[in-house]
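No value in this document is a laboratory result; all are computed from the given coordinates. Small disclaimer: the values here were computed from a predicted structure and weren't measured. Cβ atoms come from the backbone with ideal geometry, glycine included; neighbour counts cover every protein chain shown.
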Amino acid sequence: MPKDFGIGVSQKRREDVRFLKGAGNYTDDINVVGQAFVHFLRSEVAHATINSIDTSAASNMPGVVRIFTGADFEGVGGLPCGWQVTDRNNEPMQEPPHPILAQGKVRHVGDPIAAVVADTYEQARDAVEAIKIDLDELPAVIDMADALTENAVKVHDELKSNLCYDWVLGETDNEKVQAAFDNAEHITTLELTNQRLVANPMEPRVAVGDYNQATEEHTLFTTSQNPHVIRLLMCAFVLGLPEHKVRVVAPDVGGGFGTKIFHYAEEAFCTFAAKACNRPVKWTSSRSESFVTDAQGRDHVTKIELALDSENNFTAIRTNTLANLGAYLSTFSSSVPTWLHGTLMAGNYKTPVIQVNVKAVFTTTVPVDAYRGAGRPEATFQLERVIDKVARELKLDPVALRRQNFITEFPYDTPVALTYDTGDYNGTMNKLEAAADFDGFAQRRSDTEANGKLRGLGVNCYIEACGIAPSNIVGMLGARAGLYDAATVRVNATGSISVMVGAHSHGQGHETVFPQVVAEMIGIDESQIEIVHGDSSKIPFGMGTYGSRSIAVCGSAMVRATEKVINKAKKIAAHLMEASDADIELKDGQFSVAGTDKSVAWGEVTLAAYVPHNFPLQDIEPGLEETAFYDPANFTFPAGAYACEVEIDPDTGQVSIERFCAADDFGNIVNPMIVDGQVHGGIGQGIGQALLESCSYDKDGQLLSGSYMDYAMPRADDVPFYAVDHSSQTPCTHNPLGVKGCGEAGAIGSPPAVVNAVIDALQSAGHDVDHIDMPVSPSRVWAAMQS
Amino acid sequence: MYDFEFEKPSSISDAITLLSSEEAMPLSGGQTLIPALKQRLNAPSKLVSLAGIPELRGVSVNEGGMLEIKGATTHAVIAKQASSHYPALSALASHIGDPAVRNRGTIGGSLANNDPAACYPAAVLASNGKIISNKREINSEDFFQGMFTTALDEGELITAVQFEIPTVANYQKFLQPASRFALTGVFVAKFDSGVRVAITGASENGVFRWSEAEALLSDNFSPSSLDVLTFSTDGLISDLHGTPAYRASLIKTLTKRAVIAAK
């Protein structure tokens, strides 16, 4: 009989029952008795000095409870940045304040200036319209290169310049790097943009603050990927509240993609205002508001150079990137272009000399921070595009060139700070070649051309660092937090289990996957196991979900806690069967004494733990509940190879994706169906970036793509049916499950495959085009074909 | 949205009376108006729904042989009921928006709004159509007066739209990737008297006819007739999704495709 529970089984997602029935409990579904509503007055200009804010007329409007301005927040801290980057001269990054409400200046369209709390949402909105503000508009700072010129207008007057940091990783000696290029047989250079994206989770952000005067306790309900992180940041750095008096709840969350990691002003505001007004205060973002307040993603301008020797071995990589931070440092923004980007520049290849330089720049735009992949897509895109370019220049098979340069021995110390523990890049490439049917491409191209269109095949590899991360390492790199996770396994008297986890599920399927692991370890039915997440008052202090870390880090904590439970349960079973602990075996939910027919069931042991009438009280405590914290020894390194086939309509430039194959190595896999789904979703977002999405500002800092009328999200008919293969598996060597994480791979691996395919198609028709910036829109493809 | 009164009359005359009050606006599908109200970009004192007026709904062929569609007929109904009379128009209606839009949005609402990227204006203009209001008949040539601008007076309602039925016709829409309105759309209609070509989505002045193409196609209804033409970029829209040069190219490409596909 095939296995029907536990690790490796494609269990259907139990949480989908409530989601599909409309029975989820999202933050906007939460209404606290007596709640008032807040609406923010937001800047309509990108950059201005605030001369005055007149709230007198607005204060007398119907239903207004209280109006807040920056002056009300002078006594509290600003929003903190969680990662201090040290620049190439060992100086800390420039770190400007990030106020809850604007203090004297606004720095991007959407920057909050004032907030009205009123009985109803519409009353709050009416009163916001009655606030009179006097602004002196300043020039917007949009272009990063311009922002770094000597006489550039400064986004933050108190800083030396608009440069947050000038950072170098890898070989710091410029002469050594130059020597590697001087000795090269061939050098290929590529300049490209990795465009800014808006995350656009289905559920916009919401915050509800509540304060209990009797107990002096705050509760914040919020759309977050990491409630404990929000509580810590808000209590310790912003509002100065004791953590034990603050509960942060992130209930069902409708997608995060990174943008719900960060601590936002609206969360601190609702918490603060609930006490100040002595009423619960609720904020629900509109979609329009989310376009100007949710941290955005990517936005790098890069020049990459790749050097090869006479045998086509990669000998050096040099990259120079301008990374846009927007107007303020969002929670993890400083780490994304540095430690999540530069460290991946070796890719899957044994290039001996690598130098990565990143200049991070303040501009008068919405802050930029982690978005699915976070730095790794930017690294992968430039590296895999420049390899594709060199293969074309030297007329080499792009797959063979990659294979020739693959890292094949592990562990491998890269020149950019990481140690890859394991991998098999030829293995995933073999799987890709089979799944993508490279041999049949010539015939498919010929069929396409017979229909008057062009066809291209694009291939690339990727590697990412997931399971973030060893706390001692990230601490050295500037993280102001540990990045372990935690789980508590609480066995109930009747044998069912509640597992309280620090990870947060906002689409990943933890409620299904995590029980599969515990069920496997104990041998009981998954339905007896429930996951509890998202409430700081219920779960241990875990760091939440991002960076494809949940199963690798929190799952490992859960395994450790379950092992402790099993060890204790064996002691209880040994007592019940009058045997030695060492002789007890657990299989299929039965404890037995090795070599005998004596056994007791899981439920008998758990009952004994809580009704300890016959119990070794002198040796162990009653009850059966264990907690474990897990801090990983290294990152995990999922890797893979992707192939995309496109057709191009030469008359219109329209690109359509005809085939897309992904071969990933995620190590061991707990639920193959969910892994497939994660990869499908990631590729969908990657195709969105490659072909459709672009967050564009005009020179005055106005968002040109501020709604779905102009911001093109991928839809079902923009993406093909995917072929995914996860059978090439090199288990992670340092976590107990041998898992690596799969949440971001698709978004990291797919954009270069799409663009490489487009270039392949265009060159097949004789067009002298070696790069088109994303999104590779019909008009851009058409324009490239005209030149 | 701001507060407003809501009325749902059951006759055209009642609707006209209600619309005569200060700051009243008709609501006929609301696929543009409702989002604008939610963003507080519009502040009508009163919304007069046209959804409850039986005489504003229906598709028929009139005595003069013209296809007549009442003003508050939804895209979904047009897609279904016009298919035997005017397949190209039916196909156009069936590709507007998504099912939710097609079952709410109406032809009168769309034409009165005259979005420069909307589909119907191209069909009306190419079909030598007439806009029938509660007061008068307006030739399509006179009706469309530029982006979001029409010949309609304050309080004047589109009660019906009439189309001459061509022998063959086709509409080619190239989708703007975000909104999926027409980045450029071309409606080609061939009559015994000649060919009419109307372009939407491309011009800063809204829908227009391409007279050079009409002349050549009237002479020889073949895509190769257009080979000698180059569309000027003057006055074409430039935005995130396409340059004037790109739109000019699309106009020619789509016109050729419409000629090939016309039936």
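The table below gives the values:
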{"read-out": "For B:250-257, mean number of other protein chain Cβ atoms within 10 Å", "value": "2"}
{"read-out": "Mean Cα-pair separation over length for chain B, i.e. relative contact order, pairs under 8 Å, 6 or more apart, %", "value": "15 percent"}
{"read-out": "About the Cα centre, charge dipole magnitude for segment A:525-639 (Lys/Arg +1, Asp/Glu -1 at Cβ), debye", "value": "340 debye"}
{"read-out": "Peptide B:175-182, shielding by other chains (average Cβ, 10 Å cutoff)", "value": "6"}
{"read-out": "Cα-based shape type of chain B, given that a ≥ b ≥ c are square roots of the gyration tensor eigenvalues and the cut on a/c is 1.5", "value": "prolate"}
{"read-out": "Cut-off under 5 Å, modelled amide H: who pairs with A:L135 long-range", "value": "A:N51"}
{"read-out": "Cross-link reach list, lysines versus A:K568, counting only Cα pairs under 21 Å and skipping chain neighbours closer than eight places", "value": "A:K587, A:K598"}
{"read-out": "Burial ranking of peptide ranges A:572-583, A:736-747, A:48-59 (average Cβ count within 10 Å, highest at the top)", "value": "A:736-747, A:572-583, A:48-59"}
{"read-out": "Selected from B:R102, B:R209, B:R40 as most flexible by GNM, with chain B as the system and alpha-carbon contacts under 10 Å", "value": "B:R40"}
{"read-out": "Share antiparallel - DSSP beta bridges, segment A:484-630, percent rounded to 5", "value": "80 percent"}
{"read-out": "Set A:K260/A:K740; A:K12/A:K740; B:K135/B:K256 screened for pairs whose C-alpha atoms are more than 30 Å apart", "value": "B:K135/B:K256"}
{"read-out": "Residue-count net charge about A:A307 - beta-carbon cut-off 15 Å; Lys, Arg +1, Asp, Glu -1", "value": "-3"}
{"read-out": "Packing-based order for B:87-100, B:190-203, A:394-407, using average beta carbon neighbours within 10 Å, highest first", "value": "B:190-203, B:87-100, A:394-407"}
{"read-out": "Straight-distance crosslink candidates among aspartates and glutamates, where the alpha carbon sits under 20 Å from B:K190 and sequence neighbours closer than 8 are dropped", "value": "B:E68, B:E141, B:E164, B:E212, B:E214, B:D219, B:D227"}
{"read-out": "All lysines inside 25 Å of A:K132 as judged from Cα atoms, apart from same-chain residues fewer than 8 positions distant", "value": "A:K105, A:K282, B:K38"}
{"read-out": "At least 30 Å along the helix axis (C-alpha) and Kyte average at least -1.0, DSSP helices within chain A", "value": "A:555-576"}
{"read-out": "Among A:3-12, A:429-438, A:314-323, the order from most to least packed when residues are scored by Cβ within 10 Å on average", "value": "A:314-323, A:429-438, A:3-12"}
{"read-out": "Anisotropy class of chain A from Cα gyration tensor, a/c 1.5 cut", "value": "oblate"}
{"read-out": "Relative contact order (percent, whole number), chain A, Cα cutoff 8 Å, 6+ residue spacing", "value": "16 percent"}
{"read-out": "CD proxy at 222 nm, helix term only [per DSSP H run n ≥ 4: -39500 (n - 2.57); per residue of chain A; nearest 500]", "value": "-7500 deg cm²/dmol"}
{"read-out": "Normalised contact order of segment A:484-630, rounded percent, pairs of Cα under 8 Å and 6 or more residues apart", "value": "32 percent"}
{"read-out": "GNM flexibility winner over chain B from B:K70, B:K135, B:K46 (Cα, springs under 10 Å)", "value": "B:K135"}
{"read-out": "Highest-fluctuation residue, B:N62, B:N134, B:N170 considered, GNM on chain B with Cα pairs under 10 Å", "value": "B:N62"}
{"read-out": "Selected from A:P92, A:P2, A:I407, residue furthest toward positive end of dipole (chain A; charges at beta carbon)", "value": "A:P2"}
{"read-out": "Span per principal axis, largest first, for the Cα atoms of segment A:484-630 (Å)", "value": "47, 27, 23"}
{"read-out": "Helical segments meeting 24 Å axial Cα length and Kyte-Doolittle -1.0 threshold in chain B (DSSP H)", "value": "B:244-261"}
{"read-out": "Global size of segment A:7-116 as Cα Rg and Dmax, reported in angstrom", "value": "21.5, 64"}
{"read-out": "Unit charges on C-beta of K, R, D, E only; dipole of chain B, Debye", "value": "960 debye"}
{"read-out": "Exercise: per-residue mean of other protein chain Cβ atoms within 10 Å, A:770-778", "value": "2"}
{"read-out": "Ellipticity estimate at 222 nm from DSSP helix runs (n ≥ 4, -39,500 (n - 2.57)) divided over chain B, nearest 500", "value": "-8000 deg cm²/dmol"}
